[in-house]
């Protein structure tokens, strides 16, 4: 069965890459990493009912399964190259597979990313994608380099995906255009690959916002041995989000909502304007939201200048 | 959560490898493929109730999840190096994770294989492992090179794992030592990595027996544009299997039972004895079971010289 379902996906995701010496169809793929490049690899899983609601369009699932992985490569400053797909389905469902493949291929095609291996099995709907990218030695963006005094920035806008999830089942009085925007941000996140490449050699630390800003910036602080101070008033939020929810909800979504897949990064203050200008040219832009300080953990200052105590710090599937 | 569970596994699977520039704990791992080597990559998923029975010991699951993937590298003649793990669990279960990690680490340690990334999510018990290995350019074993006149061989013995699965829930009158042997072959398959390396530059085609001999040799025939003739009387079977089941059941297990993870390969007839001698020194041995012929498909000759018509050709999770 592996062949028939994976073949349907392969047909829709065909990419000619000279570095793929042998693709899908044997016991393993054979790949050639370009000379002088390191390999960046990551794996992420999405489970129906946990990472996306039952009823999500197959094409959206295909897009997102790849997007969340490309976001990991973006956060490292790596150039995407290859992916492996493990697809577990309750039953062989050609319509699902074709839709999935269509969404996957739409995003893969933007990066000439080749699907080089896969496995399909029977079980509750679960998708694991492993991605591979290239980065020159020593130039990868890690979580560990933030320095006291660095500016903290994020690309794009925060909180949209969490708000989109809230919109899905509800009959809230939200304008259709705003709801569509927010739900699209949830279902079709844009991995910030070009931004990650532009940050090579400039950002001192970088992470993608998958679990929520506070949680993910907290990982940067832990890895770097520093603390961070964020100004809630500086958080970049979309007009759709601002128009659809009240101020407290917007702040909660922006601070703790997962699934935005924006990049949160730190740069020396002297380079901040130059980096902002370059990311603006890439379309996503970047906004300064705070700074790195001595100490540990992330603190958030409200509009009145007082420190906030957020109710939760991001979502954590297996948190106690 | 990702961190806590994956950390428990990482602690138990620590391997120092200079080619791991950055391991678990950032958005992606950073890896260095040795100069002059190609990368072999594969991914395989195991689902509870499909690939292993509910109640299987966590350590056996950990071993097997890695073993089935190492078997893919073995079938390519690749040297194992790194793995990624996607672990989906109904609930955070430290005892399960510790047992799983123990079994995984027992096998990983034999190859100095490093776990370089992972994701843990909530859902029905499902495990995907992606493995990475090295092979010199042009030396990988594929399914596509079998030539008319080549001998067909298999390592080890066939049918044990399928028989072991049959033993599990039953109260059949099988000697405890035989049952233990067969169940161990099911739960703790030995990937034939050393055999795969020994076959580099000698086998004309190679595959691992995961779906059953007929199905897997059929893949070799299709990829190579040839047919194969097998003698049922030549199939290598363990004393435990022969002692526990009648002749017809033994033949069925050996021809169509999955999960053996032996290598089935083809060699020019003139090199067969040399290859057999070398694999005998590696402990697994290899047995000639037939030959490659013009045409297509796999035919099996019974002990009386007549062609058999097997009832099924291996298991296929999503077969119609």
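Where a number appears in this text, it was derived from the coordinates with a stated rule and is not lab data. Just so it is clear, the structure is predicted and the values come from calculations on it, not from any experiment. Because the Cβ atoms are built from the backbone with ideal geometry, glycine has one as well, and the counts that use them run over all protein chains shown.
How far apart, in nanometres, would the label points at residue B:7 and residue A:106 be if each is projected 7 angstrom from Cα along the Cα-to-Cβ direction?
3.9
Put a point 7 Å out from Cα along the line to Cβ at residue B:269; what are the distances to that point in the other copies, in nm, shortest first?
Spacings between copies for this position, smallest first, are 8.3 nm.
How far is residue A:180 from itself in the other copies, in nm, if each label sits 7 Å out from Cα along the Cα-Cβ line, shortest first?
In nanometres, ordered from closest: 6.8.
What FRET efficiency, computed as 1/(1 + (r/R0)^6) with R0 = 45 Å and r the Cβ-Cβ distance, is obtained for residue A:32 and residue A:296, rounded to the nearest 0.05? Before the final figure, lay out the partial values.
Values: r = 43 Å, r/R0 = 0.95.
Once rounded, the FRET efficiency stands at 0.55.
Using only Cα atoms and rounding to the nearest 10 degrees, what angle (0 to 90) does helix B:176-187 make with the longest principal axis of chain B?
Between the helix axis and the principal axis of chain B, the angle is about 70 degrees.
Choose one answer from B:191, B:58, B:92: the residue with the largest mean-square fluctuation in a GNM of chain B with alpha-carbon springs under 10 Å.
Of B:191, B:58, B:92, the most mobile in the Gaussian network model is B:92.
Under a crude label model (7 Å from the Cα following the beta-carbon direction), how far is residue A:90 from residue B:90 in nanometres?
Inter-label distance under the simple model: 1.7 nm.
Compute from the Cα atoms of region B:2-135 the Rg and the Dmax, the latter being the longest Cα-Cα distance, and quote both in angstrom.
That works out to 14.1, 44 Å for Rg and Dmax.
Using the alpha-carbon atoms, what tilt in degrees (0 to 90, nearest 10) does helix B:58-76 show relative to the longest principal axis of chain B?
60
Over the alpha-carbon set of region B:151-301, divide Rg by the Kirkwood Rh and report the Rg/Rh ratio to two decimals.
On the way: Rg = 15.1 Å, Rh = 15.5 Å.
Rg/Rh for region B:151-301 comes to 0.97.
Relative contact order for region A:56-207: what percent, with Cα pairs under 8 Å and sequence separation of 6 or more? Before the final figure, lay out each step's value.
Details: 246 pairs, mean separation 56.9, N = 152.
Relative contact order here is 37 percent.
What list do you get for A:126, B:155 if you sort them by fewest beta carbons within 10 Å?
On the way: A:126 25, B:155 28.
Fewest-to-most Cβ neighbours within 10 Å comes out as A:126, B:155.
Largest first, please: the extent of the C-alpha atoms of region B:104-196 along each principal axis, to the nearest Å.
Computed over region B:104-196, the largest-to-smallest principal extents equal 51, 48, 25 Å.
List A:206, B:264 from most exposed to least, where exposure is judged by having the fewest other Cβ atoms within 10 Å.
The fewest-first ordering by Cβ neighbours comes to B:264, A:206.
Evaluate 2.2 N^0.38 Å with N set to the residue count of region A:93-137, then give the Cα radius of gyration divided by it.
Scaled against compact globular proteins, the figure is 1.39.
Using Cα atoms only, what is the angle between the long axis of helix A:272-281 and the major principal axis of chain A, expressed in degrees (0 to 90) to the nearest 10?
The two axes meet at around 40 degrees.
Please give, to one decimal in nm, the separation of the simple spin-label points placed at residue B:246 and residue B:303, each 7 Å out from Cα toward the Cβ.
The modelled label-to-label distance comes out at 1.3 nm.
Using the alpha carbons of region A:153-202, what is the convex hull volume per residue in cubic angstrom, as a whole number? Don't jump to the answer; show the numbers that get you there.
On the way: hull volume 3.8 nm³, N = 50.
In region A:153-202, the Cα hull volume divided by residue count equals 75 Å³.
At a 10 angstrom cut-off on C-beta neighbours, averaged per residue, how do the peptides A:221-231, A:15-25 rank from highest to lowest? Intermediate values should be presented prior to the final figure.
Working: A:221-231: 19.5, A:15-25: 15.7.
Top of the packing list down: A:221-231, A:15-25.
Enumerate the whole-percent occupancy of each 10 Å bin, from 0 to the last occupied one, for all C-alpha pair distances of chain A.
Using 10 Å bins, I get a P(r) of 6, 26, 33, 24, 10, 1, 0 for chain A.
Taking neighbour counts of Cβ atoms within 10 Å as a proxy for exposure, in what order, fewest first, do B:272, B:76 appear? Before the final figure, lay out each step's value.
Working: B:272 18, B:76 29.
Neighbour counts put them in this order, fewest first: B:272, B:76.
Can you bin every Cα-Cα distance in the protein assembly as shown into 10 Å intervals starting at zero and give me the percent of pairs per bin, rounded to whole numbers?
P(r) for the protein assembly as shown, in whole percents per bin: 3, 16, 26, 24, 15, 9, 5, 1, 0, 0.
Let me have the 222 nm mean residue ellipticity of chain A computed from DSSP H runs of 4+ only, each contributing -39500 (n - 2.57), with the sum over all residues rounded to the nearest 500.
Here the helix-only value at 222 nm equals -10500 deg cm²/dmol.
Using a 10 Å cut-off around each Cβ of peptide A:121-134, what is the average number of partner chain Cβ atoms that fall inside? Write down the numbers at each step before the final one.
Details: counts 10, 7, 13, 6, 2, 9, 2, 14, 5, 10, 2, 6, 1, 0.
Taking the mean over all residues of the peptide, I get 6.
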